[in-house]
Amino acid sequence: MDSIIVRGNGPLKGQIPIAGAKNACLTLMPATLLSEEPLTLTNAPRLSDIKTMTELLSSLGAEVSSLQDGKVQAMSSHNIDNHIADYDIVRKMRASNLVLGPMLARLGHAVVSLPGGCAIGARPMDLHIHGLEALGAEIELKDGYLHAKAVKGLKGATIDLAFASVGATENIMMAATLAKGTTVINNAAREPEIVDLATCLRAMGAQIEGDGSSSIEIQGVDRLHGATHPVVTDRIELGTYMLAPAICGGEVECLGGKISLLGAFCEKLDAAGIHVEETEKGLKVARRNGRIQAVDVTTEPFPGFPTDLQAQMMALLCTAEGTSVLEEKIFENRFMHAPELTRMGADIEVHGGTATVHGVKRLKGAPVMATDLRASVSLILAAMAAEGETIVNRVYHLDRGYERVEEKLGNIGAHIERVKS
């Protein structure tokens, strides 16, 4: 397996282009299954997860072409000849479950393996299943596969989600676009990726209102047509790279960034002593004079602090002045990076869903191991400000969510290189 070697260095300076959102693109790609006509996505990120979704869609009979060095995904689902999403593909990535709603809506049946992905908690399919059953689907779990059918088609319904699940909201939204009648999703997720999906579906002819709020209304239509849609900026990559100058010092402009994508995150940066300024091209980030100040963080659904930036924020707070408390309310098992940061000299105590970080003056380089996608990049961020050399092992997770990370960080002055296994 590849490793990444990082040598601590001084302030960073320059610009980092922010890619299209992984989580948005992985939702938008299955939307091609809703129509016989082509769907083209621009500003697509170049990640291994995108290749996995391409593999899955191709296995179902869709035609997927990666153009312009992977920045454009051109898809056509005019000939879907397989309704089984196989375990060997689905196990690689949680977002694979998002083919369930579209196939059920257009084909009337689907067999989808229970998904895999990072080991950060169970993340069950219950909300997806209950929502689709409310639309009239019959779903049975057999041998690790969800067998779903809607013999008479799907019908609109009012669905009250027990939790504002992003994936469940997306699956139900896509299914409801072709259901008969009106569907209302209450306690819907409000993330920018939800708004991006709704925007794309509207471009395909869907009738959707309320996206971005906690109540989304979908009026079903008979068919959807083709469209071209630009993928929204990746707010998690944006937040990650905003933390680079916060941790190392210097000034970096993140191209394509907007404060509206990360309002709660930017508020915490300000409290910690980080200046964030919106420019014509994106967001300019610089650390104010003096040491980072401790802040408390609680992860919440959008517009709260994103769970996908919790590990990176912990890396920042390891060298803050004072004690910070991070509370993880979205996923269990999401502090697996804490022991690795401790190997670098951090002072962290974990009790259940709460981590207490006592700031130290400086971290020290050490061999560490990445446990999941966001943990991987948190270790790289910490290593950039540590004394000496850090070797981050098992970085295959990294390529699922960050394109060319060593190139982007190297271009702003980080001492970072990938070592092939």
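The single condition from (1) of a type in the set (G, A, S); (2) surrounded by fewer than 22 Cβ atoms within 10 Å (Cβ to Cβ); (3) under 23 Å from the mean Cα position of the chain (by Cα) that G413 fails is (3).
Figure legend. Inter-residue proximity from region 246-273: first residues more than 10 Å from T233 (Cβ to Cβ), second residues of a type in the set (F, W, Y) and in a strand (DSSP E or B), beta-carbon distance below 7 Å, spacing 6+ or different chains. Indicated pairs: A264/F305; F265/F305; K268/F305. Of the residues examined, A414 is not one that is among the small types (G, A, S), closer than 24 Å to G20 by Cα and touching a His at 6+ places or on another chain (Cβ under 6 Å). In region 246-301, counting only strands (runs of 3 or more DSSP E) that sit wholly within it, the ones holding 2 or more residues that are among the hydrophobic types (A, V, I, L, M, F, W, C) and within 20 Å of the chain's Cα centre (by Cα) span 250-255.
Restricting P11, P30 to those that are of a type outside the set (A, V, I, L, M, F, W, C) and either surrounded by 15 or more Cβ atoms within 10 Å (Cβ to Cβ) or within 22 Å of the chain's Cα centre (by Cα) (or both) reduces the list to P30. When region 53-63 is filtered for residues that are at negative phi and surrounded by fewer than 20 Cβ atoms within 10 Å (Cβ to Cβ), the ones remaining, listed by number, are T54, E55, S58, S59, E63.
Does any residue of region 84-104 turn out to be within 30 Å of A286 (Cα to Cα) and in contact with a Gly (Cβ under 9 Å, 6 or more places away or on another chain)? No, because not a single residue in region 84-104 is within 30 Å of A286 (Cα to Cα) and in contact with a Gly (Cβ under 9 Å, 6 or more places away or on another chain).
For region 179-193, a residue qualifies if it is within 16 Å of P102 (Cα to Cα) and either out of contact with any helix residue (DSSP H, G or I) (no Cβ under 6 Å at 6 or more places or on another chain) or surrounded by fewer than 23 Cβ atoms within 10 Å (Cβ to Cβ) (or both), and the qualifying residues are A179, K180.
Within region 361-383, the set of residues being touching a strand residue (DSSP E or B) at 6+ places or on another chain (Cβ under 8 Å), farther than 15 Å from F335 by Cβ and surrounded by fewer than 24 Cβ atoms within 10 Å (Cβ to Cβ) comprises R362, K364, G365, A366, P367. Taking the criterion of being of a type outside the set (A, V, I, L, M, F, W, C), more than 30 Å from L132 (Cβ to Cβ) and touching a residue at least 60 places away in the same chain (Cβ under 8 Å), would at least one residue in region 219-229 satisfy it? The answer is no; no qualifying residue exists. Looking across region 352-381, the residues that are polar (S, T, N, Q), touching a His at 6+ places or on another chain (Cβ under 7 Å) and not in a loop (DSSP other than H, G, I, E, B) come down to S376, S378.
When the residues of region 81-114 are filtered to those that are surrounded by fewer than 24 Cβ atoms within 10 Å (Cβ to Cβ) and among the hydroxyl-bearing types (S, T, Y), the one that is farthest from N171 (Cα to Cα) is Y87. Within region 309-331, does at least one residue satisfy the condition of being closer than 17 Å to A375 by Cα, charged (D, E, K, R), touching a residue at least 40 places away in the same chain (Cβ under 8 Å) and touching a helix residue (DSSP H, G or I) at 6+ places or on another chain (Cβ under 7 Å)? No - not one qualifying residue is present in region 309-331.
We did not get these values from a lab; they are worked out from the coordinates using the rules stated. Everything quoted here is computed from the prediction, not taken from an experiment. So basically every Cβ, Gly included, is an ideal-geometry build from the backbone, and we count neighbours across all protein chains shown.
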